[in-house]
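Heads up, the thing below is written out as structure tokens.
The values are calculated or read from the model by the stated rules, or taken from the named source; none is laboratory data. Model, not experiment: these values are computed from the prediction. Cβ: placed from backbone, ideal geometry, glycine included. Neighbour counts: every protein chain shown. Each accessible area value is taken on the protein alone, full model and side chains, heavy atoms only, with ligands, DNA and RNA left out. Shrake-Rupley method; radii C 1.70, N 1.55, O 1.52, S 1.80 Å.
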Amino acid sequence: MTEKPTADEPIADELTSELLALAQEAARRAGELLRDGRPDDLGVAATKSSPVDVVTEMDIAAEKLITGFLAERRPDDGFLGEEGASSEGKSGVRWVIDPLDGTVNYLYGLPTWAVSIAAQRDGQTVVGVVAAPMRGETCHAVLGGGAWSGGRRLRCRPSVPLEQALVSTGFNYVTDVRRRQAELARQLIPRLRDIRRSGSAAVDLCDVAAGRLDGYYERGLHPWDLAAGDLIAREAGARTGGRPGDRPSYDLTIAAPPGVFEPLQVILEELGAWHD
């Protein structure tokens with residue numbers, strides 16, 4: 001049953017409402033560019049951490065579209081983008097952008113990729129939007145206002161015993177790091193229902209929010225990978241963090257309903273998931 005906001009739910013202030021509308025429109029435009037403009041002969045424009053960690057011309061084009069759209073409307077805001085956009089800004093608002101999360105999926109024509117845009121005010125994420133065009137789905141959240149997909153309110157799954165949990169993860173593109181992460185997954189999988197690997201952190205975090213996963217963990221995420229999805233997962237009732245007492249970070253990101261989060265965090269700490 002679709003839930004609508006009720007009178008006792010927090011109502012975003014005028015600025016936050018503006019930021020949400022801009023993030024949604026920028027994500028929609030970038031998603032359409034990526035979906036409809038993908039060339040048949042798409043190739044690698046550059047590599048990052050390793051020869052298999054790639055950037056395509058479409059990553060770059062999507063980031064230019066997003067930053068251009070936002071800068072035209074809010075010229076005093078700052079930017080942090082995966083493909084190089086970086087500026088401090090003067091307004092106290094910063095946009096954290098992953099124009100194409102799941103680039104390798106996109107390169108191969110697989111459907112699991114997304115546009116991720118978060119807006120931060122004075123360092124706190126207040127708006128998150130993740131558009132997954134091949135799913136026909138856009139998730140969004142406003143701090144204190146819940147997580148939504150269209151008119152449907154998102155809620156994470158009820159907690160289950162860890163051995164019944166379906167958990168997603170991701171792997172680094174540096175060979176030695178991947179080897180270590182694969183060994184950790186080998187030790188972890190007998191203690192879970194199963195492990196999935198989608199190739200997009202933003203999609204995984206939204207799937208936790210939507211109740212499609214019981215949990216998610218990954219080492220090596222950057223702010224643009226997780227800013228929007230982390231807010232969406234939390235606003236859907238998930239707990240997010242890293243090592244005990246830490247926020248999600250490059251060292252480790254975990255998202256799950258509280259009853260899954262706690263035992264999963266304990267095991268990941270025990271197995272050393274926070275180091276290579």
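A few points about this structure:
- Selection status of Gly144, under 30 Å from Leu19 (Cβ atoms), in contact (Cβ under 8 Å) with a residue 24 or more places away in the chain and either open to solvent by 40 Å² or more (accessible area, probe 1.4 Å) or more than 13 Å from the chain's Cα centre (by Cα) (or both): yes
- Filter result for Leu65 (modelled with pLDDT of 95 or more, within 17 Å of the chain's Cα centre (by Cα) and not hydroxyl-bearing (Ser, Thr, Tyr)): no
- Those strands (runs of 3 or more DSSP E) lying entirely in the stretch 163-276 with at least 2 residues acidic (Asp, Glu) and in contact (Cβ under 8 Å) with a residue 12 or more places away in the chain: none
- Residues in the stretch 63-113 that are touching a Lys or Arg at 6+ places or on another chain (Cβ under 9 Å) and among the small types (Gly, Ala, Ser) were compared, and the one that is least open to solvent (accessible area, probe 1.4 Å) is Gly78.
- Selected residue (criterion: nearest to Arg135 (Cα to Cα)) from residues of the stretch 34-60 that are in a helix (DSSP H, G or I) and open to solvent by 40 Å² or more (accessible area, probe 1.4 Å): Arg35
- One residue alone among Arg186, Arg243, Arg178 is basic (Lys, Arg) and at pLDDT below 95, and that residue is Arg178.
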